[in-house]
Each structure stands twice: as structure tokens, then as C-alpha cells.
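K.L.:
Before we start, here is the structure in question, set down as C-alpha cells.
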Amino acid sequence: MAAKVLIVAEHDGTKLNPSTAKSVTCARGIQGAEIIVAVFAAKPDAVAAQAAQLAGVTRVLTIENAANEHALAAVLAPQVVAVAKDCTHVLAASTTFGKDLMPRVAALLGTAQISDIMAVESANRFRRPIYAGNAIVTVETDPAATIVGTVRSASFEAAASGGSAPIEKASVNVELPTHTRFVSVSAAKNDRPDLQTASRVVSGGRALGSADGFKILYSLADKLGAAVGASRAAVDAGYAPNELQVGQTGKIIAPELYMAVGISGAIQHLTGIKDARTIVAINKDGEAPIFEVADIGLVGDLFQIVPELERLIG
Amino acid sequence: MKRILVGIKRVVDYNVRVRVKPDGTGVVTDGVKMSINPFDEIALEEALRIKERGGAEEVVIATIGPAECQQQLRTALAMGADRALHVQADGVVEPLVAARALLKLIEREQPFLVIVGKQAIDDDNSQTGPMLAALWNRPQVTFASKVELSDGKARVTREVDAGLETLEVDLPALVTTDLRLNEPRYVKLPDIMKAKKKPLETLPLNTLGVEAKQQLKLVKFEPPAQRQKGIRVKDAGELVEALKKKGLI
Ligand SMILES: Cc1cc2nc3c(=O)[nH]c(=O)nc-3n(C[C@H](O)[C@H](O)[C@H](O)COP(=O)(O)OP(=O)(O)OC[C@H]3O[C@@H](n4cnc5c(N)ncnc54)[C@H](O)[C@@H]3O)c2cc1C
Ligand SMILES: Nc1ncnc2c1ncn2[C@@H]1O[C@H](COP(=O)(O)O)[C@@H](O)[C@H]1O
């Protein structure tokens with residue numbers, strides 16, 4: 001049977017999330033796959049147009065419904081199941097969106113899920129990290145079952161643009177629950193690059209000492225055109241907002257340059273940066289575990305080094 | 001009775017640096033410290049606080065796994081849970097199987113709230129909560145950092161990639177915990193003694209009518225790729241030079 005992959009698009013109502021382009025690349029690893037991107041939204045047209053441009057996409061389906069204005073897993077899951085009826089695979093990014101939605105889809109389909117796909121070995125054989133990335137397991141599914149998976153964005157390049165897939169309206173006739181209601185979202189808006197897609201990231205840990213102390217990192221990041229990240233200890237202490245947390249339970253990122261400033265390098269943190277091209281560590285403790293993974297290490301006091309760096313970069 | 005059901009999974013302690021067995025058949029777990037999954041301690045803590053505020057009358061914990069899981073159930077009872085259910089299952093328990101078993105317990109116990117961890121730190125699946133909510137046909141709020149209960153409803157704040165999102169759901173509902181929801185209490189010695197007398201019921205998985213079917217074949221385990229050893233620079237100036245050489249600035 002030819003593979004037919006449904007990718008659930010992630011978006012905020014106007015923009016397609018870059019993680020979707022990475023899921024498309026993952027799907028392209030399944031030989032001969034037809035790749036369909038489904039856009040569930042109140043007004044899907046703008047997002048659908050962006051999805052249609054991704055190279056490798058065969059078709060874009062729009063599922064327009066006022067109930068789809070906010071991504072509520074309980075509302076989306078039955079619609080995804082309806083749209084995926086004759087698909088061999090259903091994928092979404094392993095973001096908080098995909099992690100919330102896909103297991104609900106898998107359960108409705110009665111199928112096991114493969115979380116955090118990092119490599120495609122065949123249409124039904126995949127590799128994924130477990131134990132905070134300390135082991136990689138190869139899993140194989142029953143080829144007859146629908147495969148539901150989430151895609152680890154840091155493992156795949158974004159699909160190029162330049163495609164022009166046809167966009168079709170799909171209608172699904174399923175009853176949607178009303179037991180779940182969106183109230184609000186508080187997203188700190190800033191002009192800095194997005195942590196998950198930035199090519200450079202400057203991250204701070206507990207050593208920054210306060211929200212005020214963190215300002216020197218923002219300042220350095222601005223000079224570098226970098227996004228800012230944080231360790232869990234820094235977030236817990238209130239020095240940085242939660243959406244900046246990098247690691248096993250935060251964001252998994254793969255920038256060209258990652259600078260860990262005053263971060264010890266706990267295993268849960270390292271999980272989030274394993275795929276960074278170059279890791280720089282600045283820490284006053286030369287024995288800190290972060291140096292075991294750093295490509296460039298500098299032992300010293302961050303409060304001296306960071307301002308000096310900023311000056312030298314100019 | 002107003003009841004909260006909490007899922008407890010026994011996992012390798014988060015401080016252990018897990019290693020893959022040389023023959024690639026799994027990871028080394030012999031002689032390794034085992035603990036309650038950290039997110040489940042948070043789930044239990046939240047349930048206990050709700051009960052202490054008068055929002056619930058009973059906190060029931062449940063695990064699906066082999067006999068040794070009873071150690072973690074006893075610890076959870078010592079933390080303050082009222083009663084434990086041990087669904088006995090040997091071998092791999094996939095999230096869908098765990099969810100099916102937990103659904104049977106929900107049908108029996110009729111909780112108004114079910115709290116599980118957002119992910120178990122062994123397989124990092126992050127699936128059981130939403131799967132269970134789907135099978136139960138009830139609301140889910142994943143990655144919770146704040147839970148407020150009022151008449152028949154819950155208002156829950158969740159940690160999403162964009163920031164913090166708040167949802168309102170009708171009860172009964174399922175919540176999965178994020179790290180910042182609360183800080184779990186420590187277990188005190190006298191409570192460990194008391195916990196020995198608390199009820200712990202064992203139910204074989206098949207008596208619940210759930211099949212322990214494993215859908216995913218675990219073909220092989222490998223250690224992750226190691227990074228190349230890096231260099232040390234002595235000051236900010238050298239660091240800038242090194243970054244320039246790599247074309248990074
Ligand atoms: C289930 C679970 C999940 C977790 N998930 C995550 C996660 O997703 N992300 C995450 O980051 N953590 C996570 N953690 C926490 C993790 O175990 C560590 O506690 C955390 O990463 C430590 O943060 P830190 O490095 O900022 O702080 P610390 O470990 O306290 O390190 C501070 C470092 O700063 C250095 N330092 C101090 N002063 C200076 C100075 N003036 N100049 C230079 N260096 C200085 C010190 O030498 C030290 O190395 C998780 C833990 C658990 C149990
Ligand atoms: N075998 C199990 N027994 C009890 N609870 C479980 C079990 N497996 C998973 N859970 C619950 O579901 C959460 C998420 O697990 P997972 O989907 O495996 O990442 C855990 O934090 C537990 O609360």
C-alpha cells in the first residue's frame with residue numbers, strides 16, 4: 001500500500017509554525033509518500049497558502065470551523081481522525097501542540113503512538129530518544145496499523161519553500177465537544193528571534209542571580225541577533241519566563257550556536273541542546289558537566305565575561 | 001464521595017545516568033535506584049492540596065506494573081494518599097494499555113478529577129494523559145502549572161510553547177502536571193510507618209478485561225552519538241576569535 005501521510009499543521013491563526021515544515025521533511029523520508037497537510041482553523045486560508053508552498057507537499061486540506069479558532073485537543077482530535085480515514089500515517093510536530101493532540105488521536109484510532117521521531121528508517125520503522133536522550137531506541141510498528149507520531153523538530157531541516165500544492169476544502173461531519181473552553185493566552189511578545197527556530201541562542205542559568213541579572217544576556221543576545229533561553233533553575237527562580245526553558249521538559253533546540261552562561265549542564269538541560277552545532281560554555285567552575293559537551297569552553301566569571309564579549313563583538 | 005485519582009509510575013530515578021546495555025537489548029536497570037516519576041509526585045501533591053483545602057474527600061493512587069511498583073505506591077501512601085490500586089502487569093506496559101487500565105479504574109472509582117504526569121521520564125512518551133482523556137471522552141488539560149476548581153468546573157493554566165494558556169473545562173476532567181505546578185512535600189518517617197496500614201489492592205490486568213498487547217516492537221537500543229571533545233579558551237578575546245574562525249560571528 002502506498003504511504004499517505006497526514007500532517008496536522010500547527011499555526012496561530014495567521015502563521016504556519018516552522019515546526020510543520022520540519023514534519024514535512026520527516027514525512028519525505030517515507031518512501032513514495034503522498035503528503036497531505038491539514039489546516040484546522042476558523043479561517044484557514046492564509047495558513048493553507050503557506051503550507052502549499054512547502055516543497056514535497058502533495059495537497060493541503062482546510063477544515064474551516066469557528067470551533068477551530070483555538071487549538072483544543074478534545075475538539076481537534078475527532079476531526080483529525082475523520083480526515084485521516086484512509087491515511088497510513090498521521091504526524092504532527094513534537095511541540096506542546098502536537099504532544100497535547102496526537103495521543104488523543106492515537107487513542108481514538110486505538111493505535112500506539114511513536115513520540116519524538118528523530119529518524120525514519122522505513123515506513124514503519126523509526127528511531128526516537130528515551131531517558132532524556134541517554135538512549136536511542138529503534139521501534140517498529142505493525143505495518144497494517146495506522147501510524148501516529150510526533151516529530152522531533154530539532155532532528156529535521158525545514159522543507160524548502162517553492163512548492164505549489166493544491167488547496168482543497170474538506171468538511172468533516174463529527175460532533176464536537178463543548179466541555180473545553182479557551183480562556184486566554186499570555187504570550188510575551190518581543191522582537192527577538194524565536195527560541196525554537198533561532199540560529200543563535202544565548203542561555204542563562206541560576207548563576208545570573210535575578211531577573212535584573214538576566215538583562216546582560218538580553219543585551220548580548222541583541223548584539224548577536226540571538227534568541228534567549230534559560231535553564232529550569234533560572235525559570236523556577238523567576239529570572240526568566242517559562243517559555244524560555246530549554247531541556248527535557250522545556251524546548252529541544254538545534255541552533256548553529258548555543259551559548260550556555262552560568263549553566264551547570266544537568267542531563268535534563270543537555271537533552272535540549274544535543275543537536276546544537278556549536279556549544280559555548282561560560283562557567284566559573286571548570287569541572288561543571290557543561291564542559292563535557294562544549295565545543296568551546298571558557299572558565300571564568302560571567303559578570304565580567306559577558307559585558308566584555310558584548311564590547312568585543314561591537 | 002469526591003475522589004481524585006492519581007497515576008503513579010515507577011521509573012529510574014532522575015539522578016541516574018542511564019546506560020544502554022552492551023548487547024543493545026535495553027538499558028541497565030539492575031541495581032539502579034528507582035523512584036516515583038517526578039511529575040507524578042507533583043500530581044499527587046496537587047491532589048493532596050485540593051483535599052486539604054476541602055475540595056476532595058479521598059485521593060486514590062494507581063499504578064500498572066510489576067510487583068516492585070508497590071514500593072512506590074507505599075511511598076505515595078506515606079506522602080498522604082488514602083488508598084492504592086496496583087494493577088499487576090509484567091513486561092512492557094505501553095501508554096495505551098496504561099490508559100485502558102486507568103479507564104477501568106475510573107469506571108470503578110468515579111473520580112471527578114484525574115491527575116497524571118505530563119510525561120514519564122523513562123520512555124519520555126508523554127501520551128498516557130491525553131489517551132486516557134480520549135477513551136474517557138472527557139476534557140484534558142495538559143502541562144498544568146495552576147489548577148483552580150470551582151463548582152463543576154476547573155480553570156487550568158498550562159505551559160505551552162508560546163507562554164501560558166488558560167482553559168476552562170467541565171468536570172470530570174483530566175489534568176497532566178508540569179514541573180512548576182507545585183513542590184512536592186517530603187515524606188516523614190512516622191508517615192512511612194502509618195502508610196504500611198493503608199489499603200493497597202492488587203488487581204491482575206486481565207481481570208480488568210484489558211489486554212497487555214504490545215504494539216511497538218523495540219528493535220534495538222543504542223547510546224546517543226557522542227560530541228567531539230572541545231577546546232578551552234582563556235578569555236573573552238580568545239572566545240570571539242574562536243567564534244570568528246568558525247564563522248559564527
Ligand atoms: C524531571 C526533571 C526535568 C527537568 N527538566 C529540565 C529542563 O528541561 N531544563 C533544565 O535546564 N533543567 C531541567 N531540570 C533541572 C536540572 O536537573 C537542573 O537542576 C537545572 O538544569 C540546573 O540549572 P542551572 O544549571 O541554571 O543551575 P545550577 O545547577 O545551580 O548551575 C549554576 C552554574 O552556574 C555556575 N556559576 C555560578 N556563578 C557563576 C558566575 N558568576 N560566573 C559563571 N558561572 C557561574 C556554577 O558553577 C554552576 O555550574 C529538570 C529536573 C527534573 C527532575
Ligand atoms: N504504568 C503506569 N502506571 C500508572 N501511571 C502511569 C503508567 N504509565 C504512565 N502513567 C501516568 O501517565 C503519565 C505520563 O506517562 P507517559 O505517557 O508514559 O509519558 C505518568 O506521569 C503517569 O502519571
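Values in this text are rule-based calculations from the coordinates and carry no lab data. From a predicted model like this one, the values you see are computed outputs, not experimental measurements. No Cβ is skipped: glycine too gets one built from the backbone with ideal geometry, and neighbour counts run over all protein chains shown.
K.L.:
Check which residues have an amide H placed less than 5 Å from B:Asp161's amide H, if you skip close sequence neighbours.
P.N.:
For B:Asp161, the qualifying residues are A:Thr96, A:Phe97.
K.L.:
If you place +1 on the Cβ of every Lys and Arg, -1 on the Cβ of every Asp and Glu, and leave all else neutral, what size is the dipole of region B:3-245 about its Cα centre, to the nearest 20 Debye?
P.N.:
560 debye
K.L.:
Pop the C-beta distance of A:Ala237 and A:Ala46 into the FRET formula with R0 = 45 Å and round what comes out to the nearest 0.05. Don't skip to the answer; put the middle values down first.
P.N.:
Details: r = 39 Å, r/R0 = 0.87.
So the FRET efficiency works out to roughly 0.70.
K.L.:
Exposure proxy check: A:Val201, B:Val32, B:Val114 ranked by fewest other beta carbons within 10 Å?
P.N.:
On the way: A:Val201 27, B:Val32 13, B:Val114 30.
Fewest-to-most Cβ neighbours within 10 Å comes out as B:Val32, A:Val201, B:Val114.
K.L.:
Let me ask you something else. Could you check which residue among A:Glu157, A:Glu175, A:Glu64 shows the biggest mean-square fluctuation in a GNM of chain A with a 10 Å Cα cutoff?
P.N.:
The residue with the greatest mean-square fluctuation here is A:Glu175.
K.L.:
Per-residue HN-Hα couplings for region B:135-143, Karplus 6.51 cos²θ - 1.76 cosθ + 1.60 at θ = phi - 60°, whole Hz, x for Gly and Pro?
P.N.:
Once rounded to whole Hz, the list reads 5, 7, 6, 10, x, 10, 10, 8, 6.
K.L.:
What list of ³J(HN,Hα) values in whole Hz, one per residue of region A:85-95 in order, does the Karplus curve 6.51 cos²θ - 1.76 cosθ + 1.60 (θ = phi - 60°) give from phi, with Gly and Pro shown as x?
P.N.:
With the stated coefficients, region A:85-95 comes to 3, 10, 8, 8, 9, 10, 10, 8, 5, 8, 9 Hz.
K.L.:
Before anything else, pin down the relative contact order of region A:200-313: Cα pairs under 8 Å, at least 6 apart, normalised by residue count, whole percent.
P.N.:
Details: 241 pairs, mean separation 27.8, N = 114.
Over region A:200-313, the number comes to 24 percent.
K.L.:
Residues with amide H under 5 Å of A:Glu69's amide H, sequence separation 5 or more or different chain, H placed in the peptide plane at 1.01 Å from N; which?
P.N.:
The list, which skips near neighbours in sequence, is A:Ala42.
K.L.:
Under a point spin-label approximation (7 Å from Cα along Cα-to-Cβ), what is the B:Asp191-A:Tyr218 distance to one decimal in nm?
P.N.:
Modelled inter-label distance: 3.9 nm.
K.L.:
Next question. Only Lys, Arg, Asp and Glu count, each charged at its Cβ (+1, +1, -1, -1), so figure out the dipole size of chain A about its Cα centre, rounded to 20 debye.
P.N.:
So the dipole magnitude of chain A works out to roughly 260 debye.
K.L.:
Ok, one more. Compare B:Ala47, B:Ala99, B:Ala236 in a GNM of chain B, Cα atoms joined below 10 Å, and give the one with the largest fluctuation.
P.N.:
B:Ala236
K.L.:
Regarding the protein assembly as shown, what whole-number volume in Å³ per residue does the convex hull of its Cα atoms give? Present the calculation step by step, with values, prior to reporting the outcome.
P.N.:
On the way: hull volume 86.6 nm³, N = 563.
Convex hull volume per residue, Cα atoms: 154 Å³.
K.L.:
Give the long-range amide H neighbours of B:Thr202: residues separated by 5 or more places, or on another chain, with amide H under 5 Å away, using H modelled in the peptide plane at 1.01 Å from N.
P.N.:
Hits under the 5 Å cutoff: B:His86.
K.L.:
Which of the listed residues, A:Gly204, A:Ile263, B:Leu85, is farthest toward the dipole's positive end in the protein assembly as shown, when Lys, Arg count +1 and Asp, Glu count -1 at the beta-carbon?
P.N.:
B:Leu85
K.L.:
Same structure, new question: Using a 10 Å Cβ count of at most 12 others and DSSP loop calls, identify the longest part of chain A lacking such trypsin sites (Lys or Arg not before Pro). Present the calculation step by step, with values, prior to reporting the outcome.
P.N.:
On the way: sites that count: A:Lys15, A:Lys85, A:Lys189.
That would be A:190-314.
K.L.:
What does the helix-only formula give at 222 nm for chain A: each DSSP H stretch with n ≥ 4 adding -39500 (n - 2.57), the total divided by the residues, and the result rounded to the nearest 500 deg cm²/dmol? Spell out each step's value before the answer.
P.N.:
On the way: 9 runs with 79 residues, N = 314.
Value at 222 nm, helices only: -7000 deg cm²/dmol.
K.L.:
A further question follows. Taking a ≥ b ≥ c as the square roots of the eigenvalues of the Cα gyration tensor of region A:200-313, is the shape rounded (a/c under 1.5), prolate (a/b larger than b/c) or oblate?
P.N.:
It comes out rounded by the Cα gyration axes.
K.L.:
Using the alpha-carbon atoms, what tilt in degrees (0 to 90, nearest 10) does helix B:69-79 show relative to the longest principal axis of chain B?
P.N.:
80 degrees
K.L.:
For chain B, take the longest principal axis of its alpha carbons; what is the angle in degrees between that and the long axis of helix B:236-245, to the nearest 10 within 0 to 90?
P.N.:
Result, in degrees: 80.
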